1. Any residue at all in region 16-37 that's of a type in the set (K, R) and under 16 Å from L196 (Cβ atoms)?
2. For G11, only one of the following conditions fails: (1) outside any helix (DSSP H, G or I); (2) under 19 Å from the mean Cα position of the chain (by Cα); (3) not assigned by TED's automatic domain parsing to the domain that holds A277. What is its number?
3. Restricted to region 28-46, and to residues that are of a type in the set (A, V, I, L, M, F, W, C) and closer than 17 Å to H221 by Cβ, which residue is surrounded by the fewest Cβ atoms within 10 Å (Cβ to Cβ)?
4. Among the residues of region 281-293, is any touching a helix residue (DSSP H, G or I) at 6+ places or on another chain (Cβ under 8 Å), modelled with pLDDT under 85 and either closer than 24 Å to P66 by Cβ or part of a helix (DSSP H, G or I) (or both)?
Amino acid sequence: MNTRFAPSPTGQLHLGHVAAMVYVWGLAARLGATVHVRIEDHDRQRCRPEYTAELRETLDWFGFVPVNGGRWSQQSEHDDRFQSALALLRERNLVYACRCSRKELEPLPDAAERRYPGHCRDLNLPETEGTALRVRLPADSIEFHDARHGRQTQRPSAQCGDPVVRDRLGQWTYQFVVVVDDLHDGIDWVIRGDDLLPSTGRQLLLARLLGRSAPLHYFHHPLIVNPDGTKLSKRDAAAPIAELRGQGLSPAGIIGLAASRCGLLPEPAPRRLDDLADLFGRWTFENLFHQPYRFVY
């Protein structure tokens, strides 16, 4: 079994990232899975080398490193595999150029994202500078099982429409590169936050278009959120890990703090990386964390 931790170097790490690490390494220990660490630095506008260096140093400090034969990798070094995947989709006549701006997408009622209505789908536009590339998705609904949420049904054509695989600046998009990299690394257990649950159906369809036949297993864990219920993010006032380290907290202390915020522990108490297998061994997937936990500053 293979899983991965895939952070983006777009800012300093905070407690929400540590919670994600706890889930990945803890569940991997329980499952006996290999853990790969993939730095998702495909976004050249937001990712910075200094954040990548800090991310690597912080993971080493915690001991959250590849295990059971896992590997470090950086998405910015994977251009050849992305080009090959794009060529495969082209051969199947699934790629087309799009000149639409975000403003032209259709806002859906009560939805956090906008749906692409297919303006350029059949226009046969030339691939010129400033055009994006999209992939034609079938109108199918897709079913999958999440170890926490149970059976899920999504219809990506109604959620988002045809996804962009390369944007107007020539950058690869998250929805595309995560699928290609997961296929390349043989990932069969995806452990990640609830905010990415809506992306699962479109990623499964992309994987099928690229030839994946093996089933994928999912566990979407709850998020540490702000007092108002919004996701804790790098843009918030969340204390970065560097600040917690400066206050004298040890790796075990910060891991225990994150575990308590996730409901894994009743109160903050130091937990080493080696303790995570026992921590997760006490839970069944059916009773794993049905609500997000609030992080109050």
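1. Keep residues of region 16-37 that are of a type in the set (K, R), which gives 30.
Subset that is under 16 Å from L196 (Cβ atoms): none.
Scanning region 16-37 turns up no residue that is of a type in the set (K, R) and under 16 Å from L196 (Cβ atoms).
2. (3)
3. Applying the first criterion (of a type in the set (A, V, I, L, M, F, W, C)) to region 28-46 yields 28-29, 31, 33, 35, 37, 39.
Imposing the further condition that a residue be closer than 17 Å to H221 by Cβ reduces the set to 28-29, 31, 33, 35.
On the way: A28: 25, A29: 21, L31: 16, A33: 23, V35: 25.
Checked region 28-46; the qualifying residue surrounded by the fewest Cβ atoms within 10 Å (Cβ to Cβ) is L31.
4. Yes; the residues of region 281-293 include at least one that is touching a helix residue (DSSP H, G or I) at 6+ places or on another chain (Cβ under 8 Å), modelled with pLDDT under 85 and either closer than 24 Å to P66 by Cβ or part of a helix (DSSP H, G or I) (or both).
The values are calculated or read from the model by the stated rules, or taken from the named source; none is laboratory data. Computed from a predicted model, the values in this text were never measured in an experiment. Virtual Cβ from ideal backbone geometry, glycine too; neighbours counted across all protein chains shown.
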